[in-house]
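Trainee: This structure is in structure tokens; I'll ask about it shortly.
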There are 2 protein chains.
Amino acid sequence: MSTYTAPLKDMQFALHELAQIDQIAALPGNEEASPDVVSAILEEAGKFASGVLDPLNRVGDTQGAKLADGKVTTAPGFKEAYRQFVESGWNALKCDPNYGGQGLPYTVATAVEEMWHGSNVAFALCPLLTTGAIEALMLCGTPEQKEKFLPNMVSGKWTGTMNLTEPQAGSDLAALRSRAVPQTDGSYRVFGQKIFITFGEQDYTENIIHLVLARTPTAPEGVKGISLFLVPKFLINEDGSLGERNDLQCVSIEHKLGIHASPTCVMSYGDRGGAVGYMIGDENRGLEYMFIMMNLARFSVGLEGVGISERAYQRAVAYARDRVQGKALGDQQKGAIIRHPDIRRMLMDMRAHTEAMRGLTYVVAAAFDHAHSHPDEATRKQSLAFADYMIPIVKGWCTESAQHVTYVGVQVHGGMGFIEETGAAQHYRDARIMTIYEGTTGIQGNDLIGRKTLRDGGRTAAAVGMEIARIDDELAQLPGEAFASMRKAMGAALNAVKTAGEYVAANAQSDTRGVFAGAVPYLELWGVLCGGWVMARAAVAASRLLAAGDPDREFLEAKIITARYFAEHILVKAPGLAREVVGGGASVLALADEAF
Amino acid sequence: MSTYTAPLKDMQFALHELAQIDQIAALPGNEEASPDVVSAILEEAGKFASGVLDPLNRVGDTQGAKLADGKVTTAPGFKEAYRQFVESGWNALKCDPNYGGQGLPYTVATAVEEMWHGSNVAFALCPLLTTGAIEALMLCGTPEQKEKFLPNMVSGKWTGTMNLTEPQAGSDLAALRSRAVPQTDGSYRVFGQKIFITFGEQDYTENIIHLVLARTPTAPEGVKGISLFLVPKFLINEDGSLGERNDLQCVSIEHKLGIHASPTCVMSYGDRGGAVGYMIGDENRGLEYMFIMMNLARFSVGLEGVGISERAYQRAVAYARDRVQGKALGDQQKGAIIRHPDIRRMLMDMRAHTEAMRGLTYVVAAAFDHAHSHPDEATRKQSLAFADYMIPIVKGWCTESAQHVTYVGVQVHGGMGFIEETGAAQHYRDARIMTIYEGTTGIQGNDLIGRKTLRDGGRTAAAVGMEIARIDDELAQLPGEAFASMRKAMGAALNAVKTAGEYVAANAQSDTRGVFAGAVPYLELWGVLCGGWVMARAAVAASRLLAAGDPDREFLEAKIITARYFAEHILVKAPGLAREVVGGGASVLALADEAF
């Protein structure tokens, strides 16, 4: 019934007013990202998302990927869609032009990627992983490795994967056991089993480039003994042609709650003498490299949350407009359920969360661009620190919010939401993995408290808080209840973050476990604060445009209304979340293990 | 890996300390419900749940119910389990002994029913619906109708269904169109299509007694023209034997997100001349009767939330104890993930929600018993008013909490939670219907604000609030941080409810839509308050028992710790929820329909 439509107008608003894409286009190397070019790209991407990917979303769910005799067959239509995807150049959007990429700013690529997640999140995982592998190679590969593998990965002729997890080593990568034995020719033989490998096998492409974490024989134990290896499905001959089949295989795929079109593979390396692999970067620094990639992958998973939330919202709105049921309070006659106050509350809740997530991810994407390309070193550093601080918030908060949004999306449909054919339930199931893979919300919370807040003595956290607090002056200057309400809620939330942050800093030494027991509430607290911040910024920008006579009044007024909703219904959770952090550890930790 | 174990000790604690089952056993007619008898019943029920129902839960999910040629085949093992269920007398626990029931108090039946929902919620739906049909017949049937149908329904030889929904009439029953045409013999011919009919067809029993809402030819439009009909699958001969097949059939079953073992049927009545039906009670009073039944069904759905939450909690604890991953903060060596502060926070969150839900449902069940059997009329009235007020809270808050608990249950499992074989995902999917059927959470919120709070000018709401507020004195007398913390959080929550309630009362006339836009937050606010109340009562009781030298110290101390967790991590949401109610309607309603 409902089809995905890329929310181009909202995206453009977020790009211009929040991510300030004009500043990004002015950075060296970004000259091509003119407003016209960006508009054209977004429009084309929107067509591809609606025309090619969205129609496959349900068949991907019902048919899924299948494994037989070590070969994965993707759902009907996916292979052809992938071919069109790479032929249209979508795979290479943010890649280095030296290897065939289009070198577009991260911010633009982010808006485009949102559409892939919105229209078909299972499909989008394959390019997401390839991009991660490309980034790792760009960062740590030798010139020869880059020359040999990158052009075909950038073009999409080959895909890439990340192989981290093993049965005994999930969040705890220190426990991984896969081995890599050096050979006289400088290559390695890789042995081990990896699980949860997204698109570890597929029928899209002639080759797959696996990046695999493993230990060399002399490696120290724990995280300091992990190296990164490139292990291609087919070896590459000197002339660049495909050589012999490497000793690796997909031995099973998982039966999952969602994202059925994305094969989640158990990969076995070295069953017949060892898989040929090449070390990427320095020995024993694999985890460090993986974490750089993982940061970007975490950002992308946060973005999945945005995309699927938008999709769920659109579907719910379409149903609420179409379904006639009863006479809403205050109405004279029967009407569509969108007239009912509670349905409207749910739609506003979905909408406000989605816009806040989008604003936040685009703002963080812009920080990546500044960190990458700004001519001033101090600005680069500051942008990088901001982006690093934001990664766990984007990952943790956007994916948790996506659970809520897809949940509400089912609820808007009433009984029909529970029926699979309706489609709302698929978003709910597909979204469920997002708070888990690339580091659970708990891991994100620990990262935010540990590495991001405590490690530099709270300096970055304070700086980000001060940046956010600047919104107060702007809100104070604007008349009307909506802005007063936003200002009040932002003030309370800033205060809550300050209180929680001070508690974390003061007690991290003396009560480490108690402080980390509050890691997820601390992350959620930052999430709603940041969401409130970008929404308030959007409202301020809308107000400015309205004052300047912008004719698109309804659209701009909706920004102010939605920001007010966010302040009064979502941001108001901040003090309660702070309360969970401040002194909340005792009741979390008091019970004996046996008493559960 | 994990099997369901009825939480008998927690149940007994809730029965004795919260529901005060000793008072219930003292009511006239409840003489048989001695502590020994109750213990024996609970133990036997626990064995049946663990031994018979729990092992079928996953096969029910994977195989589901199937329809072919109008016949439903339930999942392997279900038919046999049903046979054992009724043979053991579980179907008749709270039914009238005059018709073969055991006449046990509602409170005891509630604890038992929790186990069915905990071990196999899809299985439990069939007896749940039969009980509803029995109640309707008890209430409004003629002596002849009771004699003819009740004994076989009570014994479980026949099952019962509720047929309300039609494609165009879901929450809005006024829109229903099924017709019942009177015949000269006093019976009716029923025509129409009903959807979402749980166990509308099955292979358990020789007959199914459908209760169907339909309109007579002279009926007024809207809700005042709906009558209730009994329409058996097979007609009953004068001698009580099965007669001819009635003109009704299951034409399809739904493909659902969860509860696959429960066939959700589209029923067609009267395709070949009309299904023979018998009017139950007075003409045009069908909706009124349905609502009495529905109140009890709503309570049972809230109880489903308790059962499935307990199940999800047990599974999560088992996994967290078993799964070794990393070294927890502050620990010297690797251990099970239950050692990690964030895992512990999640388990405490599941546990605290589940115990609060259980306490609340048992307390409300006790009010049913007092309303039914107390010799003093004023007490009966007061208990009924309390129970009526609580029904939407039990239904709405317990089912919403069950979403959260089953969600967290998946999260505790990390990547394994997303794999269907693990089992956590099934609970998450099965639970999803609970906030929808028997009235969505929005409907419950409207009921709580409209019928329950405003209709009597807030009298009952105020009385319930005052009853809850009495806990303050008890908390004030107990020393230590935990009780001080509970007292503070309860005080803030009571204040929040008062503020929200006053707002609702003051603005219901002038801003009806705005007030009802806050219906669900208002319900959630009451939910956390009531949850905090029963948890605080549990902690007070535990403290009293400890002081009296009860040797089960760890169990009782855990009650205090869990109550403190509830206060500091869940009850603290109350002020934010109140803020959503107070003045929150404007931003919900401001957007034009077209602007979504």
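The values are calculated or read from the model by the stated rules, or taken from the named source; none is laboratory data. Owing to the predicted nature of the structure, the values given are computational and were not obtained by experimental measurement. Ideal geometry is used to build each Cβ from the backbone, glycine not excepted, and the neighbour counts take in all protein chains shown.
Trainee: Got a sec? Which of A:Leu257, A:Leu296 is more than 14 Å from chain B (Cβ to nearest Cβ) and of a type in the set (A, V, I, L, M)?
Mentor: A:Leu296
Trainee: Something else now. Can A:Val276 be described as β-branched (Val, Ile, Thr), closer than 30 Å to A:Tyr362 by Cα and not in a loop (DSSP other than H, G, I, E, B)?
Mentor: In short, no.
Trainee: Among (1) over 26 Å from B:Gly409 (Cβ atoms); (2) touching a Leu at 6+ places or on another chain (Cβ under 8 Å); (3) surrounded by fewer than 21 Cβ atoms within 10 Å (Cβ to Cβ); (4) not basic (Lys, Arg), where does A:Asn246 come up short?
Mentor: Of (1) over 26 Å from B:Gly409 (Cβ atoms); (2) touching a Leu at 6+ places or on another chain (Cβ under 8 Å); (3) surrounded by fewer than 21 Cβ atoms within 10 Å (Cβ to Cβ); (4) not basic (Lys, Arg), only one is false for A:Asn246: (3).
Trainee: Still on this model: For the stretch B:414-442, give me each residue that is in contact with a Lys or Arg (Cβ under 9 Å, 6 or more places away or on another chain), of a type in the set (A, V, I, L, M) and touching a residue at least 24 places away in the same chain (Cβ under 8 Å).
Mentor: Passing the criteria: B:Met416, B:Ala424, B:Ile433, B:Met434.
Trainee: Does B:Thr130 qualify as being touching a strand residue (DSSP E or B) at 6+ places or on another chain (Cβ under 6 Å), crowded, with 23+ Cβ neighbours inside 10 Å and not in a helix (DSSP H, G or I)?
Mentor: The answer is no for B:Thr130.
Trainee: Filter the stretch A:560-583 down to residues that are aliphatic (A, V, I, L, M) and within 7 Å of chain B (Cβ to nearest Cβ), then give me how many there are.
Mentor: Result for the stretch A:560-583: 2.
Trainee: Looking at (1) within 14 Å of another protein chain (Cβ to nearest Cβ); (2) crowded, with 18+ Cβ neighbours inside 10 Å; (3) not acidic (Asp, Glu), which is the one condition that is false for B:Ala336?
Mentor: The number of the failed condition is (2).
Trainee: Just for the stretch B:305-323: of the residues that are touching a helix residue (DSSP H, G or I) at 6+ places or on another chain (Cβ under 7 Å) and of a type in the set (Gly, Ala, Ser), which one is surrounded by the fewest Cβ atoms within 10 Å (Cβ to Cβ)?
Mentor: The qualifying residue surrounded by the fewest Cβ atoms within 10 Å (Cβ to Cβ) is B:Ala320.
Trainee: Residues to consider are A:Asp473, A:Asp447; find the one that is assigned to a helix (DSSP H, G or I), away from chain B (no Cβ under 11 Å) and under 24 Å from B:Val410 (Cβ atoms).
Mentor: A:Asp447
Trainee: For B:Ser383, only one of the following conditions fails: (1) assigned to a helix (DSSP H, G or I); (2) hydroxyl-bearing (Ser, Thr, Tyr); (3) within 14 Å of B:Gly305 (Cβ to Cβ). What is its number?
Mentor: The one condition B:Ser383 does not meet is (3).
Trainee: Taking only the stretch A:538-559 into account, find how many residues are more than 9 Å from every other protein chain (Cβ to nearest Cβ) and assigned to a helix (DSSP H, G or I).
Mentor: Looking only at that region, the number is 13.
Trainee: Pick from A:Phe291, A:Phe234: which is of a type in the set (Phe, Trp, Tyr) and modelled with pLDDT under 95?
Mentor: That would be A:Phe291, the only listed residue that is of a type in the set (Phe, Trp, Tyr) and modelled with pLDDT under 95.
Trainee: All but one of (1) touching a Pro at 6+ places or on another chain (Cβ under 8 Å); (2) crowded, with 23+ Cβ neighbours inside 10 Å; (3) closer than 21 Å to B:Ile259 by Cα hold for B:Phe149, so report the exception by its number.
Mentor: (3)
Trainee: For B:Tyr313, only one of the following conditions fails: (1) out of contact with any Asp or Glu (no Cβ under 7 Å at 6 or more places or on another chain); (2) under 26 Å from B:Glu135 (Cα atoms). What is its number?
Mentor: Exception for B:Tyr313: condition (2).
Trainee: B:Gln325 is checked against (1) at the interface with chain A (Cβ under 8 Å from one of its Cβ atoms); (2) more than 30 Å from A:Gln509 (Cβ to Cβ); (3) among the polar types (S, T, N, Q) and fails just one. What number does that condition carry?
Mentor: Among (1) at the interface with chain A (Cβ under 8 Å from one of its Cβ atoms); (2) more than 30 Å from A:Gln509 (Cβ to Cβ); (3) among the polar types (S, T, N, Q), B:Gln325 violates only (2).
Trainee: In addition: Scan the stretch A:488-509 and give yes if some residue there is touching an Asp or Glu at 6+ places or on another chain (Cβ under 7 Å) and facing chain B (nearest Cβ under 10 Å), otherwise no.
Mentor: Yes.
Trainee: Still on this structure: In this structure, is A:Leu242 within 11 Å of chain B (Cβ to nearest Cβ), over 30 Å from A:Glu420 (Cα atoms) and in contact (Cβ under 8 Å) with a residue 12 or more places away in the chain?
Mentor: Spelling it out, it is not the case that A:Leu242 is within 11 Å of chain B (Cβ to nearest Cβ), over 30 Å from A:Glu420 (Cα atoms) and in contact (Cβ under 8 Å) with a residue 12 or more places away in the chain.
Trainee: Only one of A:Val582, A:Val540, A:Val534 is farther than 30 Å from B:Asp331 by Cβ and surrounded by fewer than 24 Cβ atoms within 10 Å (Cβ to Cβ); which?
Mentor: After applying the criteria, what remains is A:Val540.
Trainee: Which condition number does A:Asp511 fail, the rest of (1) in contact (Cβ under 8 Å) with a residue 60 or more places away in the chain; (2) among the acidic types (Asp, Glu); (3) farther than 23 Å from A:Asp447 by Cβ being met?
Mentor: (3)
Trainee: A further question on this structure: Take the conditions surrounded by fewer than 24 Cβ atoms within 10 Å (Cβ to Cβ) and farther than 30 Å from A:Glu524 by Cα and apply them to B:Glu481. Does it pass?
Mentor: no
Trainee: Give the residues of the stretch A:189-212 that are under 27 Å from B:Gly335 (Cβ atoms) and more than 22 Å from the chain's Cα centre (by Cα), sorted by residue number.
Mentor: A:Gly192, A:Gln193, A:Lys194
Trainee: Separate question: Within the bounds of the stretch B:343-366, is there any residue that is within 9 Å of another protein chain (Cβ to nearest Cβ), at pLDDT 95 or above and farther than 22 Å from B:Ala538 by Cα?
Mentor: So far as the stretch B:343-366 goes, yes, one or more of its residues are within 9 Å of another protein chain (Cβ to nearest Cβ), at pLDDT 95 or above and farther than 22 Å from B:Ala538 by Cα.
Trainee: Is there a residue being under 26 Å from A:Ile436 (Cα atoms), buried (at least 21 other Cβ atoms within 10 Å of the Cβ) and more than 21 Å from the chain's Cα centre (by Cα) anywhere in the stretch A:171-188?
Mentor: So far as the stretch A:171-188 goes, yes, one or more of its residues are under 26 Å from A:Ile436 (Cα atoms), buried (at least 21 other Cβ atoms within 10 Å of the Cβ) and more than 21 Å from the chain's Cα centre (by Cα).
Trainee: Would you kindly identify the strands (runs of 3 or more DSSP E) lying entirely within the stretch B:143-219 that contain at least 3 residues that are of a type in the set (S, T, N, Q) and within 23 Å of B:Tyr99 (Cβ to Cβ)?
Mentor: Per the criteria, B:158-163.
Trainee: Quick one: in the stretch A:84-110, which of the residues that are aliphatic (A, V, I, L, M) and under 16 Å from A:Leu125 (Cα atoms) is surrounded by the fewest Cβ atoms within 10 Å (Cβ to Cβ)?
Mentor: So, considering only residues that are aliphatic (A, V, I, L, M) and under 16 Å from A:Leu125 (Cα atoms), the one surrounded by the fewest Cβ atoms within 10 Å (Cβ to Cβ) is A:Val86.
Trainee: Suppose we filter the stretch B:450-470 for residues that are within 14 Å of chain A (Cβ to nearest Cβ) and more than 23 Å from the chain's Cα centre (by Cα); how many remain?
Mentor: 1
Trainee: Also, I was wondering about something else. Please work out which residue is nearest to the chain's Cα centre (by Cα), limiting yourself to the stretch A:406-433 and to residues that are closer than 22 Å to A:Leu164 by Cβ and facing chain B (nearest Cβ under 10 Å).
Mentor: Ranking the qualifying residues of the stretch A:406-433, first place goes to A:Ile433.
Trainee: Are there any pairs, at least 6 apart or on different chains, whose C-beta atoms fall under 7 Å, with the first in the stretch B:584-596 and closer than 17 Å to B:Phe516 by Cβ and within 7 Å of chain A (Cβ to nearest Cβ) and the second crowded, with 18+ Cβ neighbours inside 10 Å and of a type in the set (Phe, Trp, Tyr), and if so, which?
Mentor: B:Ser587/A:Tyr565; B:Val588/A:Tyr565
Trainee: Report whether or not A:Thr73 is closer than 26 Å to A:Glu420 by Cα and not charged (D, E, K, R).
Mentor: yes
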